1. Label points 7 Å out from Cα along the Cβ direction at Phe112 and Arg157: separation in nm?
2. Just add up the charged neighbours of Ala86: K/R +1, D/E -1, any other residue whose Cβ is under 11 Å from the Cβ of Ala86.
3. What nm value, rounded to one decimal, do you get for the distance between Gln215 and Asp92 when each label is placed 7 Å out toward the C-beta?
4. Local charge sum around Met223 (other residues, Cβ-Cβ under 11 Å, Lys/Arg +1, Asp/Glu -1)?
5. Compute, for the stretch 40-96, the length of the dipole vector about the Cα centre, with Cβ point charges of +1 (Lys, Arg) and -1 (Asp, Glu) only. Units Debye, rounded to 20.
6. Find the centroid of the Cα atoms in the stretch 255-294 and in the stretch 6-38, then give the distance between the two in whole Å.
7. Could you tell me the calculated FRET efficiency between Gln33 and Leu238, based on Cβ-Cβ distance and R0 = 30 angstrom, to the nearest 0.05?
8. How are the Cα pair distances of the stretch 8-178 distributed, in percent, across 10 Å bins from 0?
Amino acid sequence: MKSFMIQGAKIIATGSAIPSFKLSNNDISKIVQTSDEWITTRTGIQERRLLTGADQSINDLAVLASKNALDKISMHPSEIDLIILATSSPNDLFGSASKIQFEIGATNAVAFDLTAACSGFVLGLVTAFQFLQTGAYRNTLIIGADVLSKWVDWSDRSTCILFGDAAGAAILQSCPTSNNSILNFQLDTDGKYSNHLSILYQHKSDILPVANVYQGYFKYISMNGKEVYKFAVSQVPLSILKCLRSLRISVKDVDWLLLHQANERILTAVADKLSISKSKIISNLSKYGNTSAASIPLALDEAVKEKKIIHNDIVVIAGFGAGLTWGTVIIRWQDLS
Ligand code: COA
């Protein structure tokens, strides 16, 4: 991150949306050979929400989460300048952000999708921050939304137990540098290991008769759970430490650790490696599972609503996942008033 700063930025509202349908571990044990005990012990997940009904899509969740954030501060949607939809499960491969722009009535906003799996919200936040720092825009809406239930192989017990559907949103507004809340970030990618977690495109055997052109489809989620686990618990603490050190903030001064909600054991292992007390871990994955790009803004929205996160708290946010991508953003939380 460059040391000069034209404008600062702060999150002025958060919102979230979850489907009403709950699928418990016991329900899953009727689909694949597993048990509540196994899933709870290995992951901490007890239930997840799934989007049901043929007429419901990721857009509905993203719109609800966005409206929820806008309503909290009575902001008219026309005040939004930029919408970034972080998702890996859009309703349209050309992008779903523009439909959300239309549906919420953000007529002045430019909107685009950003694909970075479970790191998507962190990358979206940092991307939006760049536009605010330069003074290009004033209000940005960052949405993390995923409906991975549509891409899970419901006969694969090693992955179908993990994921849930949700959307979370945050409105990031520019402010004087003296009030800047986004203190620093650290982003990383290692494409060498992209095969550890993917939803791959697959050719069909059909070829266009006049040319060597293939068409295909996307396969289900494939994951090497052990490798993803090792990656998360080794790289995420390093990313966080690097970010904290550059700010000369001690781990002791961290008030909240808000990690991507993948697995309770990962959250605990990262906190342990950093010597951060478990009481500082924000965790809601027992209720929602891994909601990919939605997990951080959903947990943030809940923690703010529950008044866990309060004015001046140092919040370490870190996402990690497919790509492999991982990233940290350190925030000094500022209340709206
Ligand atoms: N129920 C019961 N048994 C299961 C099971 C399930 N849902 N899933 C796997 N198993 C079995 C395996 O078949 C294996 O059996 P075997 O020893 O007879 O071969 C055994 O449990 C151990 O499997 P393993 O894959 O080694 O388990 P694990 O301790 O690594 O836990 C995960 C599996 C997926 C929970 C764990 O690897 C994990 O959480 N990884 C991170 C995944 C993640 O967070 N991905 C998203 C990142 S964004």
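Bear in mind these aren't lab numbers, they're just calculated from the coordinates by the rules spelled out. Model, not experiment: these values are computed from the prediction. All Cβ positions, glycine included, derive from the backbone under ideal geometry; neighbour counts span all protein chains shown.
1. 4.4 nm
2. Result for the local shell: -2.
3. Result: 2.0 nm between the two label points.
4. Here the count lands on -2.
5. Magnitude of the dipole: close to 340 debye.
6. 13 Å
7. Here the calculated transfer efficiency is 0.25.
8. P(r) over the stretch 8-178, rounded to whole percents: 11, 36, 29, 16, 7, 1.
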